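Student: Sharing a structure below in structure tokens format, with a few things to ask.
The values are calculated or read from the model by the stated rules, or taken from the named source; none is laboratory data. Treat the numbers as computed from the prediction; the structure is a model and nothing was measured. Here the Cβ positions follow ideal geometry from the backbone for every residue, glycine too, while neighbour counts run over all protein chains shown.
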Protein chains: 4
Amino acid sequence: MAIVEVTIAPLGTGSPSVSRYVAECHKVLAQEEGVAYQLTPMSTIIEGDLDRILTVIRKMHEVPFAAGAMRVSTSIKIDDRRDKVSTMAGKLQSVKEKL
Amino acid sequence: MAIVEVTIAPLGTGSPSVSRYVAECHKVLAQEEGVAYQLTPMSTIIEGDLDRILTVIRKMHEVPFAAGAMRVSTSIKIDDRRDKVSTMAGKLQSVKEKL
Amino acid sequence: MAIVEVTIAPLGTGSPSVSRYVAECHKVLAQEEGVAYQLTPMSTIIEGDLDRILTVIRKMHEVPFAAGAMRVSTSIKIDDRRDKVSTMAGKLQSVKEKL
Amino acid sequence: MAIVEVTIAPLGTGSPSVSRYVAECHKVLAQEEGVAYQLTPMSTIIEGDLDRILTVIRKMHEVPFAAGAMRVSTSIKIDDRRDKVSTMAGKLQSVKEKL
């Protein structure tokens, strides 16, 4: 189980808005089984088996190209903890308990 | 108005858990006026005047050192859009409308 | 052909120094065929087929665990351009010509 | 003394190429005193006093706007180590000694 944050941004499209690309990426993500995810104002965070998540992200990375982009910048941050089960909800809870 | 994502991680502490450092950073952030923020499982996202946000992040970056860390890795991602007002809520809404 | 930047950092190792983990990751990378790479003071940059690179990074991500780390934070940034062949040397050259 | 990696990318410019923006940012950087830097195929790495570097990056972040961009995505990664003096050359050397 890992938690992975991903941002997929097309470069050189004619508009500063990228929300339609993000929405298309999410439609791909929504069809996948075995991964939980949440959208934030800056990224998508995915929880599940690391290899499964990387396979899904690889598909999502193709989405802006399929929509016409010629260059895509994809940032991935993997948080992989193996001394205990780590979840999105558990990480938030752990911080909130200390506030 | 900019939206900025930040992650502040101490390196070389004796434990894989970093939630107490995140909580201390949030206490500093909570005392600041003029910035809105939200905690995600992977980062903190802050909305407001860019210079104000960078000043706040500079303070937050010192927190793990004050708590004993000898090395801190801080990642900052600025999303600065000037053709329209951009907010955390507006970005989420814009994607959700297209889903 | 894509260009991918990767940083692999263990958390909670007890020492602020991580160079031995970086060196071990590079030994894995050096055994791979079909990818070019360079070490920078902040990351490793790899050039080649995207799927090949992601497979290599997946192996590298396991290295700190094999060396005893319990938590690993891996950041990956993919620059994938399909309107022309993009290389590490070509990107540097393109900027230098404009200076 | 800190080492800071920065990438400044305009969104929505109409062309996948961003090298002219990178070159303009470097012209600003080249005028600054007290910071050492190097261009990599994926970023710029700057070494010096942290507050000084952040002031310089703040100036660089304005460059694409001045050149017409309406949205700029700037990624900053600070590596701040206080148990010893850390330099770009020293970090590379430390890894190479272990290879």
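Student: Find the residue count for region B:41-99, including only residues that are among the hydrophobic types (A, V, I, L, M, F, W, C), closer than 26 Å to A:Arg20 by Cβ, part of a helix (DSSP H, G or I) and more than 7 Å from every other protein chain (Cβ to nearest Cβ).
Tutor: Selection size over region B:41-99: 2.
Student: Quick check on my filter: what residues within region C:22-43 are among the β-branched types (Val, Ile, Thr) and buried (at least 22 other Cβ atoms within 10 Å of the Cβ)?
Tutor: C:Val22
Student: To continue, here is another question. What are the residues in region B:20-36 that are within 14 Å of chain C (Cβ to nearest Cβ) and either among the basic types (Lys, Arg) or within 22 Å of C:Gly68 (Cβ to Cβ) (or both), if any? Give the derivation first.
Tutor: As a first pass, look at region B:20-36 and keep what is within 14 Å of chain C (Cβ to nearest Cβ): B:20-22.
Across region B:20-36, the qualifying residues are B:Arg20, B:Tyr21.
Student: Something else: Report, ordered by the first and then the second residue, all pairs with beta carbons closer than 6 Å, sequence separation of six or more or different chains, a first member in region B:26-48 that is at positive phi, and a second member that is of a type outside the set (Lys, Arg) and in a loop (DSSP other than H, G, I, E, B).
Tutor: B:Gly48/B:Gly34; B:Gly48/B:Val35
Student: Based on this model, can you work out whether B:Arg52 counts as among the basic types (Lys, Arg) and either within 29 Å of C:Val72 (Cα to Cα) or surrounded by fewer than 18 Cβ atoms within 10 Å (Cβ to Cβ) (or both)? So that I can check it myself, show each step before the final result.
Tutor: Values: among the basic types (Lys, Arg): yes; either within 29 Å of C:Val72 (Cα to Cα) or surrounded by fewer than 18 Cβ atoms within 10 Å (Cβ to Cβ) (or both): yes.
Spelling it out, B:Arg52 is indeed among the basic types (Lys, Arg) and either within 29 Å of C:Val72 (Cα to Cα) or surrounded by fewer than 18 Cβ atoms within 10 Å (Cβ to Cβ) (or both).
So that you can scan it fast, the table gives a plain yes or no per residue for (1) in contact with a Lys or Arg (Cβ under 6 Å, 6 or more places away or on another chain); (2) under 20 Å from C:Leu39 (Cα atoms); (3) at pLDDT 95 or above:
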residue	(1), (2), (3)
D:Pro10	no, no, yes
D:Tyr37	no, yes, yes
D:Ala67	no, no, yes
D:Arg81	yes, yes, yes
D:Glu97	no, yes, yes
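Student: Scan region D:79-90 for residues that are in contact with a helix residue (DSSP H, G or I) (Cβ under 7 Å, 6 or more places away or on another chain) and crowded, with 20+ Cβ neighbours inside 10 Å and jot them down.
Tutor: Matches in region D:79-90: D:Asp80 only.
Student: Among the numbered criteria (1) at negative phi; (2) within 14 Å of chain B (Cβ to nearest Cβ); (3) in contact (Cβ under 8 Å) with a residue 24 or more places away in the chain; (4) not β-branched (Val, Ile, Thr), which single criterion is violated by C:Gly12?
Tutor: (1)
Student: Further, regarding this structure: Do you know which residues across region C:24-35 are of a type outside the set (Val, Ile, Thr), touching a helix residue (DSSP H, G or I) at 6+ places or on another chain (Cβ under 7 Å) and not in a helix (DSSP H, G or I)?
Tutor: Selection gives C:Glu32, C:Gly34.
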